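Asks: First the structure, then my questions, so here it is.
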Amino acid sequence: MKNILILGDSLTDAGRDKKNEKDLGQGYVRTIQEQLPQMKVINRGYNGARTIDLLFEVENLADEIESADALVLFIGVNDVWSSHHRSPSDWASMLDSFTGHFALLVDSLDKHLQVDVPVHIILPFARFTKDAEEGQILRDRLDQVNARIRQIIADFKPDYIIVDLREVLTQSAFDWQGAIAVDGVHWSSAMHAFVGKQMADILGHFVL
């Protein structure tokens with residue numbers, strides 16, 4: 001049985017029981033497992049995690065990374081969300097820090113992965129606050145984060161697969177804007193199910 005390891009923040013965690021390493025939470029990761037029963041899906045999402053937090057977790061997860069037949073990384077929303085009170089100059093510094101941390105995270109993961117393991121990088125996305133001005137600032141910052149992620153992957157890991165779920169959702173008939181919680185970040189159960197099915201389709205091409 002092949003292993004799919006999924007790393008991320010609360011969107012990945014989705015209420016998983018940390019005392020049970022096999023628990024998948026109640027979100028998109030569980031749907032992936034349901035759609036790909038011949039695989040073993042492992043949820044290592046952490047509530048509130050930023051890129052630097054996952055970077056510090058890599059060594060703790062070394063055995064699972066080394067045994068992974070596919071890896072999914074979905075991180076970055078909290079890096080932006082935590083900047084809502086920061087000035088433009090502070091954000092510029094935070095963005096540079098994010099860039100360094102993300103590059104180090106990808107490099108650290110790569111050192112533990114077996115050769116030719118497919119890695120999928122899900123670009124972070126969110127609507128954020130309904131406050132028009134603040135929401136737009138955060139969405140602009142998220143676009144900058146995604147541009148940095150794309151550049152890092154293009155420069156250092158061109159074999160990694162970028163997954164732009166926002167593009168997939170926009171092209172679908174699914175009302176994803178209405179399926180985001182009032183905080184502008186977390187998802188409804190319908191959204192998790194939709195994303196899980198999309199990711200299962202994508203992963204199935206690489207690990208079946």
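Asks: Points 7 angstrom from Cα along the Cβ direction at Q177 and Q144: gap in nanometres?
Replies: 2.4 nm
Asks: Still on this model: Each label point is 7 Å from the Cα along the Cα-to-Cβ direction; what then is the distance between the points at A190 and K18, in nm?
Replies: 3.2 nm
Asks: For the stretch 103-128 and the stretch 1-71, what is the separation of their C-alpha centers, rounded to whole Å?
Replies: 13 Å
Asks: Right, another one. Provide the gained length on full extension for the span D159 to D201, in nm with one decimal, where the gain is 0.36 nm per separating residue minus the Cα-Cα distance.
Replies: 13.2 nm
Asks: Separate question: What's the lysine pair count for the chain at a Cα cut-off below 19 Å, pairs eight or more apart or interchain?
Replies: Lysine pairs meeting the criterion: 8.
Asks: Check every DSSP H run in the chain and write down those whose alpha carbon atoms cover 20 angstrom or more along the long axis and whose mean Kyte-Doolittle hydropathy is 0.0 or greater.
Replies: Membrane-span-like by this rule: 189-207.
Asks: Report the relative contact order of the chain, percent, no decimals, based on alpha-carbon pairs under 8 angstrom and at least 6 residues apart.
Replies: 25 percent
Asks: Nearest-5 percent of antiparallel DSSP beta bridges in the chain?
Replies: Counting DSSP beta bridges with both partners in the chain, the antiparallel share is about 5 percent.
Asks: Hey, what number do you get for the chain at 222 nm if only DSSP H runs of n ≥ 4 count, each worth -39500 (n - 2.57), divided across all residues, to the nearest 500?
Replies: Using -39500 (n - 2.57) per qualifying helix, the result is -15500 deg cm²/dmol.
Asks: Which peptide among 152-160, 65-73 comes first, and what is the full order, when sorted by highest mean count of other Cβ atoms within 10 Å?
Replies: Final packing ranking: 65-73, 152-160.
Asks: Over the chain, with every protein chain in place, what whole percent of the accessible area is carbon and sulfur at 1.4 Å, could you tell me?
Replies: Here carbon and sulfur together make up 50 percent of the probe-accessible area.
The values are calculated or read from the model by the stated rules, or taken from the named source; none is laboratory data. Because the structure is a prediction, the values reported are computed rather than measured. Neighbour counts run over all protein chains shown; Cβ positions are idealised from the backbone, glycine included. Please note that ligands, DNA and RNA were not included when accessible areas were found on the heavy atoms of the full protein model with its side chains. Shrake-Rupley method; radii C 1.70, N 1.55, O 1.52, S 1.80 Å.
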